[in-house]
1. Going by average Cβ neighbours within 10 Å, how do the peptides 51-63, 144-156 rank, with the highest at the top?
2. Relative to the present Cα-Cα distance, how much length would full extension add between residue 170 and residue 138 at 0.36 nm per residue of separation?
3. For the stretch 129-180, what ratio Rg/Rh do Cα atoms give with a Kirkwood hydrodynamic radius?
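We did not get these values from a lab; they are worked out from the coordinates using the rules stated. Not measured: the values here are computed from a predicted model. As a convention, Cβ positions derive from the backbone with ideal geometry for all residues, glycine included, and neighbour counts pool all protein chains shown.
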């Protein structure tokens, strides 16, 4: 009898998670995290961490999409205790910390992910957002340009990245008192987006 009840509860939890996951995909992007999170599929292809690491990572990704950064961070801390060299976990911990306005720790998480895997594209995006929030436009521009260069063109965040590059470049030019001519803007776009030399 107890076994049947446990199976019913377990099945309910699985169905609930599936429904929540589906709901998150259906709802408009209202979550505060507006960045390319590492997903469960990425983790599966990047070493196939089984068991608790896999489950906690999946829970954390769902919580981040739902705007529950604090709970996501708790799950990610457990993931990192079990798998400290998992770059995707560092990236998502960085986004959770960014949402919690802990910019110093967020930056460390993004940098750690890049150290572990220099091609971890979404780490550059998170690092750029964090550096911009810290007021370091030059470094933010470098990180976002790296993201735009490495990301696949079909990545939905590439357009946001290019927009941020343009805005930050304009802001930096305004701070420096540089005049913006049409040709200067064109040169900036070519450099920022991989065109030109």
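1. On the way: 51-63: 19.8, 144-156: 16.5.
By packing density, highest mean first, the sequence is 51-63, 144-156.
2. Details: separation 32, 0.36 × 32 = 11.52 nm, distance 1.16 nm.
So the extension gain works out to 10.4 nm.
3. Values: Rg = 11.5 Å, Rh = 11.4 Å.
Taking Rg over the Kirkwood Rh, I get 1.01.
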